[in-house]
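One structure is given below, encoded as structure tokens.
The values are calculated or read from the model by the stated rules, or taken from the named source; none is laboratory data. Because the structure is predicted, anything quoted here is derived from the model rather than measured. Cβ placement follows ideal geometry from the backbone for every residue including glycine, while neighbour counts extend to all protein chains displayed.
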Amino acid sequence: MNEITAFINIVLFIMHINTNLTKKVLSWYDNNKRSLPWRVGKNSPKKLYYRLLSEFMLQQTQVKTVIPYFKNFTKKFKTLKSLSKSKEVEILKLWEGLGYYRRAKNLLASAKILVKEHNSKLPENLEEVKRLPGVGEYTANALLGLIYNQPRIAIDGNVRRIFARNLNREERKINFEKLIFVNKKNFFNTNRSSDFVEALMEFGALICKPKEPKCVRCCLKKTCKYFKSSNKIKTTSKKLIKNKNYDIFCYLNKNKQIALTKKNQISFLKNFYLPTIKETNYLSSNKNWKFLKNYKNSISNLKLNINLYYKFSKKIPPKYDWHYLNLNKEFIPTFTKKIFKQVETLF
């Protein structure tokens, strides 16, 4: 079966089921949706701010983790305008522990643009929304669908999984953008486009889950090929775990200070202050360092094996600055906090 024939078969199948798909998923959503703090009324003045904030926070992060951060954030900054006037260090401090700190910087930059250039409103054009820092195709579609009730489906992991399971096919073998474009009129045979966008995400999170899907309770099971098939295809491939080994070298002084630099090899903490970090085995040519501890750390799909070394010194390399080991005074990424806690035992 060639790609064209396969695609036609998929389109025909989706056309067969999607007449009732929208109605069924919306009905399920009305009866089962979670009470989440960013779900405010359609005419609420906080709608754009809450949706923008939640979309940034939910990138790469689960709902249950985001909720307390969202509540703390909106308690400190009550409006989009107040957020736009904040300092980056304030945003990062509130974001501390949530990870992927570039999101926080992009959120602040986007808030400033929306307030200054768009009178605190979201542009209604997809390409214009995508010009906001940190906003790609998915987030732009989600925001336009949620804010303006535009007929758009934000294609995330939940949406891919729902359609792939209904077809009992691997996600990588499906052109979701083309599939949704061809069936757009059938999917959006409702005036509740914004609810449908969210209903699909919710359905994928609570029913059509990545592991142990609740097929018996699924409102789509009558037309779902995955449910009916004795040969259930795994829709997604296993997440590739990368192992990294790092040696971390801490310059210390008697004033309980540590030397930090923004020049580091850690891509996920680019432009943040860190001690010296090298690939493992760097120590063989540096005998003056003392071993402190070996520990593990996991960040997304990275498994880090870390050897921590230290030495007391009055002199530090160029582009380094002394910083006090104060865990509460300013923003510190969790990765760096763990280093600080180990080093504190030396004083």
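Here are the numbers for this structure:
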item	result
Residues located in the stretch 51-91, provided they are of a type in the set (A, V, I, L, M) and touching a helix residue (DSSP H, G or I) at 6+ places or on another chain (Cβ under 8 Å)	Leu52, Leu53, Met57, Leu58, Val63, Val66, Leu80, Leu83, Ile91
Scan of the stretch 291-344 for residues that are among the β-branched types (Val, Ile, Thr) and in a helix (DSSP H, G or I), ordered by number	Thr334, Thr336, Ile339, Val343
Unmet requirement for Lys42, which otherwise passes all of (1) of a type in the set (Lys, Arg); (2) surrounded by fewer than 12 Cβ atoms within 10 Å (Cβ to Cβ); (3) touching a helix residue (DSSP H, G or I) at 6+ places or on another chain (Cβ under 8 Å); (4) in a helix (DSSP H, G or I)	(4)
Criterion: out of contact with any Pro (no Cβ under 6 Å at 6 or more places or on another chain) and in contact (Cβ under 8 Å) with a residue 40 or more places away in the chain - qualifying residue of Phe77, Phe73, Phe56	Phe56
Exclusive hit being over 28 Å from the mean Cα position of the chain (by Cα), free of Cβ contacts under 8 Å to residues at least 12 places away in the same chain, surrounded by 13 or more Cβ atoms within 10 Å (Cβ to Cβ) and at negative phi, set Lys221, Lys232, Lys225	Lys221
Leu36 in the same structural domain as Cys215 (by TED's automatic domain parsing), modelled with pLDDT of 95 or more and either assigned to a loop (DSSP other than H, G, I, E, B) or loosely packed, with under 13 Cβ neighbours inside 10 Å (or both)	yes
Selection status of Thr79, surrounded by fewer than 17 Cβ atoms within 10 Å (Cβ to Cβ) and under 20 Å from Glu198 (Cβ atoms)	no
Total residues in the stretch 132-163, condition surrounded by 14 or more Cβ atoms within 10 Å (Cβ to Cβ) and in a loop (DSSP other than H, G, I, E, B)	12
